[in-house]
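Here the structure comes first, spelled out in structure tokens, and everything after it is commentary.
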Amino acid sequence: MKKLSARRRHPLAAVVVLLLALAATGGLYAAFAPADKAQADTSAQSLAIDEGKKLYDVGCASCHGTGGQGSSEGPSLVGVGAAAVDFQVGTGRMPAQQPGPQIEKKRVQYNQKQIDLLAAYVASLGAGPAIPTSQEYNPAGSDVAKGGELFRTNCTQCHNFSGEGGALTNGKFAPDLEGASAKHIYEAMQTGPQNMPSFPDTTMPTKQKQQIIAYIHTINSSKSSTPGGLKLGGLGPVSEGLFAWIFGLGALIAVTVWIAAHTAKAKKS
Amino acid sequence: MSTTTAPDREAPAGERLADWADGRLGLYALAKTNMRKIFPDHWSFMLGEVSLYSFIIIILTGVYLTLFFHPSMNEVVYHGSYVPLQGIRMSEAFNSTVNISFDVRGGLLIRQIHHWAALIFLAAMFVHMMRVFFTGAFRKPREVNWLFGFLLFVLGMFTGFTGYSLPDDLLSGTGVRFMEGAILSVPVVGTYLSMFLFGGEFPGGDFVARFYSIHILLLPGIMLGLVAAHLILVFFHKHTQFAAPGRTEKNVVGMPLLPIYMAKAGGFFFLVFGLIAIVAAIATINPIWAIGPYRPDQVSTGAQPDWYMGFSEGLIRVMPGWEINFAGHTLVLGVFIPLVIFPLVLAAIAVYPFLEAWVTGDRREHHIADRPRNAPTRTGFGAAWISWYFILLVGGGNDIWATHFHLSINNITWFVRIAFFVVPVLVFIATKRVCMGLQRRDAEKVLHGRESGVIKRLPHGEFVEVHTPLNQAERFKLTAHEQYQPLEVGEAVDENGVERKLPRGEKLRARLSKGYYGEGNQIPKPTAEEYKEITSGHGHH
């Protein structure tokens, strides 16, 4: 101590103290500052989670349980991820209108902000796929033909060759894909809602998902062209057969009746 | 002839040409007998014409398509103008069909006319066949022509199926795979048959080329021959006609072939062509570009054949997946049984004329067509067969029914399984009842006239409806049909109490005959005496 005390009048003492003070402040800052920042982030997140929880308690808890653990009426939401919530609530499937073979699409009940809050809450219950960014799902510039090949390999079994949908067992069905947004198609592939299998990035990378979305939008959207005329539902031979019978043969029979009714008549004497 | 009668006059060019042709082809004699050939007029007699004309349209458009179609399964990469297929590997057959659709002038329209005409051709044949059936026009002497027509329908089914398979698209490839599965299910020889047909393992590299020659040469060739034979027999037998005053079993009342009937038929051809062209211009059929090229590892839901094969699809869809394993061999009953029932469904309607002839023992010629109500058992059978066929079509489209009527596909399948056995019986009973109700109504109309809707009050206060009597021609139409007596086999034992020996099947025949003509199975038609008795009375009865 004596040594130190003896040198406290040293001309460099002030510099040393300054350095020590700087080191201490910097060290303290280094130690606490990131923690401070993290805390601030959590509080915004936790605010979203709290708000989401409030919405959840009103709209979802009756079936999915107060903690998202599920009940006899609805599955557990632990680990389904924000993407699942964004898809189910964003397409109007959730909250469910009534039990049935399948929960069907209807008018969307929440606005996008509320959906994000709900998603934040459900995501907090367990790790799951996040809501994709537009960079992930935007199909612009993707190879449509490659998407078609992937679509025929992975999707047509249930959704039909032009994405018109098809029947599954016991009243369940794969829905028509017309009008489905790129984000929702992406989320459906990512999370596998209801009877759909999921196609996570490990089996189907983002690029392939974009190609599939590009193909669906090319062949089955309000802007798709149908070079052959009316597409008759795009259902294949059943609707074609019905059309041939009713409008083809039906019209021809009308013609036979017309011709027979205008026959040359013998002159009446 | 003109050379001898008028040596000083130079015959007009047309006459000389006709003379020239007559000297070599015998045209005058032909024309003399055939120009005045009579065809009776009724709208339902033109259904066969619709079939004939759509067949001609199919041949015409088919020839155009052969100019651009490549019946080959060589693999190529698509570089045509349809962007969503750019760079996709496909067979040359598929590639050329997409090119026909997008890069050949008029190709898509011709393709669609060809395909729509095929669906309409089969539908028209079906309806034509049912017209013949319900009017009893298959009776002697027309049984052979009935079979020719039936064969045309069956051949049309297979020509259609092979044509549907040619583009080698995902939908038809699934159909061909289905067919391969059915062939494989045949015990013992199934595998060999499949290997023979496809030149090895499915799909191999041969089937498009093979189906092509079957589709454009073999089957249409046979069909053309049958069509010619069918028409020659129609000429030879003359057309049936509905009963009316002046029409007998020995005459035909109607328009002469030339000029009236020819003009009508020619105009009708263009109406049929025009209508099919309109349908083809309005509505897509078989959009192979959207369906994609066939790959055995891909499949689409809603994979159905064209409508005329739909009942076979129904059979396979509703059949439980039974399977027997015996000594290391698998018998796939779930596929094999439908394969066996498939021809039986068709045969059921084809053999009916012979069954009816056997039951009734009627060996006379018939040229007057029956009104369906006057043959309740036949009409009931025909309606039951149609309902059977329709039930199988429902089974074949069970997924579309499920999605569009919000039903469970499992329930539809079970409905079809039960309805397959129950509905034809119910339809038979109901149709027979309806026919007899209509017969009663006819009898009532003949005896009492038509209800006029005029209510008259009699002096003592009673209200009666005035009936307008039918004129003689109308009464004739309603009473022209024959009434048969049921077949009697006589006593079961002879006068000595010994059991009589009946020819085999005779008892069954008698029972069936009773079902046709026995009491309660036909309504006795009004007799002249009854009519006189009622009309000689005073006003109303």
Being over 22 Å from B:W401 (Cβ atoms), hydrophobic (A, V, I, L, M, F, W, C) and assigned to a helix (DSSP H, G or I) narrows it down to one residue among B:L315, B:L344; which is it?
B:L344
Considering only residues of segment B:261-276 that are open to solvent by 40 Å² or more (accessible area, probe 1.4 Å) and more than 7 Å from chain A (Cβ to nearest Cβ), which is nearest to A:Y215 (Cα to Cα)?
B:F273
Looking at B:L25, B:L60, B:L67, B:L17 in this structure, which one is more than 9 Å from every other protein chain (Cβ to nearest Cβ), free of Cβ contacts under 8 Å to residues at least 12 places away in the same chain, open to solvent by 70 Å² or more (accessible area, probe 1.4 Å) and closer than 19 Å to B:F161 by Cα?
B:L60
Here is a check on your reading of the model: is A:M196 buried (at least 16 other Cβ atoms within 10 Å of the Cβ), more than 14 Å from chain B (Cβ to nearest Cβ) and within 18 Å of the chain's Cα centre (by Cα)?
no
Within segment B:495-510, does at least one residue satisfy the condition of being β-branched (V, I, T) and not in a loop (DSSP other than H, G, I, E, B)?
no
Within segment B:245-255, which residues are exposed (fewer than 15 other Cβ atoms within 10 Å of the Cβ) and either aromatic (F, W, Y) or more than 13 Å from chain A (Cβ to nearest Cβ) (or both)?
B:P245, B:T248, B:E249, B:K250, B:N251
Name the residues in segment B:277-300 that are under 23 Å from A:T256 (Cα atoms), within 7 Å of another protein chain (Cβ to nearest Cβ) and either within 23 Å of the chain's Cα centre (by Cα) or open to solvent by 10 Å² or more (accessible area, probe 1.4 Å) (or both), would you?
B:V279, B:A281, B:I282
Take the residues in segment B:302-319 that are closer than 20 Å to B:W414 by Cα and not hydrophobic (A, V, I, L, M, F, W, C); name whichever of them is nearest to the chain's Cα centre (by Cα).
B:G310
When you go through (1) hydrophobic (A, V, I, L, M, F, W, C); (2) open to solvent by 20 Å² or more (accessible area, probe 1.4 Å); (3) within 10 Å of chain A (Cβ to nearest Cβ) one by one for B:V104, which number turns out not to apply?
(3)
Please tell me if B:R475 is part of a helix (DSSP H, G or I), open to solvent by less than 90 Å² (accessible area, probe 1.4 Å) and either modelled with pLDDT under 95 or not assigned by TED's automatic domain parsing to the domain that holds B:G518 (or both).
yes
Looking at (1) within 14 Å of another protein chain (Cβ to nearest Cβ); (2) of a type in the set (A, V, I, L, M); (3) in a loop (DSSP other than H, G, I, E, B); (4) under 25 Å from B:G136 (Cβ atoms), find the lone condition where B:L407 falls short.
(4)
Say whether the condition of being under 25 Å from A:L242 (Cα atoms) and open to solvent by 30 Å² or more (accessible area, probe 1.4 Å) is met by at least one residue in segment B:373-381.
yes
Requiring at least 3 residues that are at pLDDT below 85, the helices (runs of 4 or more DSSP H) wholly within segment B:1-70 are B:2-5, B:27-34
Among the residues of segment A:212-248, the number that are within 8 Å of chain B (Cβ to nearest Cβ), closer than 30 Å to B:L275 by Cβ and among the polar types (S, T, N, Q) is 2
B:L458 - would you say it is open to solvent by less than 50 Å² (accessible area, probe 1.4 Å), assigned by TED's automatic domain parsing to the domain that holds B:P526 and modelled with pLDDT under 90?
no
Odd one out for B:W322 among (1) more than 26 Å from the chain's Cα centre (by Cα); (2) surrounded by 16 or more Cβ atoms within 10 Å (Cβ to Cβ)
(2)
More than 14 Å from chain A (Cβ to nearest Cβ), over 20 Å from B:L344 (Cβ atoms) and assigned to a helix (DSSP H, G or I): does that describe B:V144?
yes
Can you find a residue that is in a helix (DSSP H, G or I), small (G, A, S), within 13 Å of chain B (Cβ to nearest Cβ) and surrounded by fewer than 23 Cβ atoms within 10 Å (Cβ to Cβ) anywhere in segment A:119-133?
no
With respect to B:I429, is the statement that it is part of a helix (DSSP H, G or I) and surrounded by fewer than 17 Cβ atoms within 10 Å (Cβ to Cβ) true?
yes
Does segment B:84-91 include one or more residues that are closer than 30 Å to A:T218 by Cα, free of Cβ contacts under 8 Å to residues at least 60 places away in the same chain and within 14 Å of another protein chain (Cβ to nearest Cβ)?
yes
Can you tell which of B:L258, B:L226 is out of contact with any strand residue (DSSP E or B) (no Cβ under 7 Å at 6 or more places or on another chain), in a helix (DSSP H, G or I) and either at pLDDT 85 or above or surrounded by 14 or more Cβ atoms within 10 Å (Cβ to Cβ) (or both)?
B:L226
Any pair with Cβ under 8 angstrom, 6 or more apart, that starts in segment A:15-28 at a residue that is at pLDDT 85 or above and ends at one that is open to solvent by 80 Å² or more (accessible area, probe 1.4 Å):
none
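The values are calculated or read from the model by the stated rules, or taken from the named source; none is laboratory data. The model shown is predicted, which means the values in this text are computed figures rather than measured ones. Glycine gets a Cβ as well: all are built from the backbone with ideal geometry, and neighbour counts include every protein chain shown. Quick note on the areas: whole protein, heavy atoms, side chains included, nothing else; ligands and nucleic acids left out. Shrake-Rupley method; radii C 1.70, N 1.55, O 1.52, S 1.80 Å.
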